[in-house]
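Q: Take this structure first; my questions come after.
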Amino acid sequence: MTKFDKLFNELPDDIDCVLVTSDVNRRYFTGMKSSDGTVIAFRDKAYLIIDFRYIEKARAVVKTAEVIEQKKLYNQIQELIHKHSAENIAVESQTMTINQLNTLKKFIKDTEFIETDVLSNAINSLRMSKDLSEIECIKKAQEIAELAFDGILDYIKEGVTEREIAMELERIMMINGSEGVSFETIVLSGANTSMPHGVPSDKPVQKGEFILMDYGAVYNGYHSDMTRTICLGEPSAEMRKVYEIVLEAQKAAINQARAGMTGQELDFIARSIIEEAGYGEYFGHSLGHGVGLEIHEKPNASQSYRHILNENAVVTIEPGIYIAGKFGVRIEDFVILHKNGCENITKSAKNIISL
Ligand SMILES: [Mn+2]
């Protein structure tokens, strides 16, 4: 069954046609990365309309849709709608711009537009359950990221800057096959570690400081995401105490994570441990998020996410404690949820490391 068959199975029976316009969802359905292009899919056939810059590649790699070179896009869409006698067309409400929708409506006549969230929700629901080939890509991305972690432990010494450490992590990932970085690499040290999404600076790392590294690789479009907080030299008693609380919370959440629980329930496992230790107010973000073709996607493991976490969802588990002006600790792995537990994709050590 192709991803298009699965999509139409998720959709109400009366939807004749779908239009996939977002880059990430176009890649999901066709397997091909491009900055432009349109997928139009009917119950019996799918098409990728794509311009000259991508046409040679598309004809070589796209197996799930007939590839058509883009000439006059709206005329081409209109012709396909007539050819397949479609009476309606569902659009990606959550990613399409108002401008895109208005333009479509101007050109595509006599077709009912379905502008509700039905298509976006169906695609999100498919993307939340990773298939084997997606999981392979995610694991490969993580293997690359872990090579960078091993390498960085040899690289870090007193005096190198946060920015140099970030560059070195990225360099090792790129030479090991990463397509890019999952997101802007976060490397923070000392008091900077209390800012969960701080930006690497020219600050040199010093003895007795935590160094927090949050980064990921990309393989075949799929992302990885990990955070490690290590210490240069010996941590203080307070640093060690906070580290152990975060680690305990993180391990407890991984031990109990499974498909069928809600995102809120998973978040609570870690959050309650941090709260009971007296640091609740210092854990100001969610426990985790889905990861796949996007670095942040559904489902969430957060206090407000009341939906069930589905089987084969890939989610991060990343509790943290951040004490402004002092230091912060975050430890992040990501896992595949199964009925009776989860598989941890992240293999790097997470006991407190002092270099
Ligand atoms: Mn993350």
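The values are calculated or read from the model by the stated rules, or taken from the named source; none is laboratory data. Since we're looking at a predicted model, the values are computed, not measured. Cβ: placed from backbone, ideal geometry, glycine included. Neighbour counts: every protein chain shown. Areas reflect the complete protein model, heavy atoms only, side chains present, ligands, DNA and RNA absent. Shrake-Rupley method; radii C 1.70, N 1.55, O 1.52, S 1.80 Å.
Q: Need the full-extension length gain, residue 303 to residue 324, defined as separation in residues times 0.36 nm minus the C-alpha distance. One decimal, nm. Don't jump to the answer; show the numbers that get you there.
A: Values: separation 21, 0.36 × 21 = 7.56 nm, distance 2.24 nm.
Between residue 303 and residue 324, full extension yields an extra 5.3 nm.
Q: Given a Förster distance of 22 Å, report the FRET efficiency between residue 244 and residue 339 from their Cβ-Cβ distance, rounded to the nearest 0.05.
A: On the way: r = 31 Å, r/R0 = 1.40.
With R0 = 22 Å, the Cβ-Cβ based efficiency is 0.10.
Q: If you don't mind, there's one more thing I want to ask. Sorting check: for 10-16, 210-216, which peptide has the highest mean count of neighbouring beta carbons within 10 Å, and how do the rest follow? Each step should come with its number before you reach the end.
A: Working: 10-16: 14.3, 210-216: 25.9.
With the highest mean Cβ count within 10 Å placed first, the list reads 210-216, 10-16.
Q: If you don't mind, another one. Applying 1/(1 + (r/R0)^6) with R0 = 51 Å to the Cβ-Cβ distance of residue 55 and residue 13, what FRET efficiency is obtained, to the nearest 0.05?
A: Working: r = 34 Å, r/R0 = 0.67.
The formula returns an efficiency of 0.90 here.
Q: Modelling each spin label as a point 7 Å along the Cα-to-Cβ direction, I'd like the residue 103/residue 84 distance in nm, to one decimal.
A: 2.1 nm
Q: Under 12 Å from the Cα of residue 45, which aspartates and glutamates turn up, not counting those fewer than eight places away in the same chain?
A: Here the aspartates and glutamates satisfying the reach criterion relative to residue 45 are 5, 16, 66.
Q: Something else about it: Less than 28 Å apart at the alpha-carbon level, and either on another chain or at least 8 residues along: which lysines does that give for residue 140?
A: Within reach: 3, 6, 33, 57, 63, 130, 251, 298, 339, 347, 350.
Q: Name the aspartates and glutamates eligible as straight-distance cross-link partners of residue 71: C-alpha to C-alpha under 16 Å, and not fewer than 8 places from it in the same chain.
A: Here the aspartates and glutamates satisfying the reach criterion relative to residue 71 are 36, 51, 56, 79.
Q: Any chance you could tell me what percent of the C-alpha pair distances in the stretch 253-355 go past 17 Å? Please list the in-between numbers first.
A: Numbers: 2685 of 5253 pairs.
Roughly 51 percent, rounded to a whole number.
Q: Springs between alpha-carbon pairs under 10 angstrom, Gaussian network model over the chain: which of 28, 54, 279 fluctuates most?
A: 54
Q: Something else now. Angle, helix 132-155 long axis vs. longest principal axis of the chain, Cα atoms, 0 to 90°, nearest 10?
A: The answer is roughly 30 degrees.
Q: Between Rg and the Kirkwood Rh of the chain, both from Cα atoms, what is the Rg to Rh ratio?
A: Values: Rg = 22.8 Å, Rh = 21.9 Å.
Rg/Rh: 1.04.
Q: For a test of the definition: using alpha carbon positions, the gyration tensor, and the 1.5 limit on a/c, classify the stretch 3-127 as rounded, prolate or oblate. Walk me through the intermediate numbers first.
A: Values: a/c = 1.40, a/b = 1.16, b/c = 1.21.
In terms of gyration-tensor shape, rounded.
Q: One quarter of the convex hull surface, Cα atoms only: what value does that give for the stretch 93-135 in nm²? Walk me through the numbers on the way to the answer.
A: Details: hull surface 16.1 nm².
Result: 4.0 nm².
Q: A follow-up question, please. Apply the a/c threshold of 1.5 to the C-alpha gyration tensor of the stretch 206-278 and tell me whether it is rounded, prolate or oblate. Present the calculation step by step, with values, prior to reporting the outcome.
A: Working: a/c = 3.52, a/b = 1.18, b/c = 2.98.
Oblate shape, in that a/c is at least 1.5 and b/c is the bigger or equal ratio.
Q: Using a probe radius of 1.4 Å on heavy atoms only, what accessible surface per residue do you get for the stretch 132-344? Whole Å² is fine.
A: 40 Å²
Q: Let a ≥ b ≥ c be the square roots of the eigenvalues of the Cα gyration tensor of the stretch 132-344; is it rounded (a/c under 1.5), or, if not, prolate (a/b larger than b/c) or oblate? Could the numbers behind the result be given before it?
A: Details: a/c = 2.15, a/b = 1.16, b/c = 1.85.
Judged from the Cα gyration tensor, the stretch 132-344 comes out oblate (a/c at least 1.5, b/c at or above a/b).
Q: At a 1.4 Å probe radius, carbon and sulfur cover how many percent of the accessible area of the chain? Each step should come with its number before you reach the end.
A: Numbers: 7820 of 15750 Å².
For the chain, the apolar C and S fraction of the accessible surface comes to 50 percent.
Q: Would you mind putting 110-119, 238-247 in packing order, based on average other-beta-carbon counts within 10 Å, highest first?
A: Details: 110-119: 15.6, 238-247: 18.8.
Averaged packing, sorted descending, gives the order 238-247, 110-119.
Q: Each label point is 7 Å from the Cα along the Cα-to-Cβ direction; what then is the distance between the points at residue 143 and residue 201, in nm?
A: 3.9 nm
Q: What is the packing order of peptides 251-264, 319-332, taking the mean over residues of other C-beta atoms within 10 Å and listing the highest first? Write down the numbers at each step before the final one.
A: Numbers: 251-264: 18.5, 319-332: 21.2.
My ranking of the peptides, most packed first, is 319-332, 251-264.
Q: Same structure, new question: Tell me, what HN-Hα J-couplings in whole Hz come from the Karplus equation 6.51 cos²θ - 1.76 cosθ + 1.60 at θ = phi - 60° for each residue of the stretch 9-25, using x for Gly and Pro?
A: Calculated HN-Hα couplings, in order: 5, 7, 8, x, 4, 8, 8, 8, 7, 10, 10, 9, 10, 6, 4, 5, 6 Hz.
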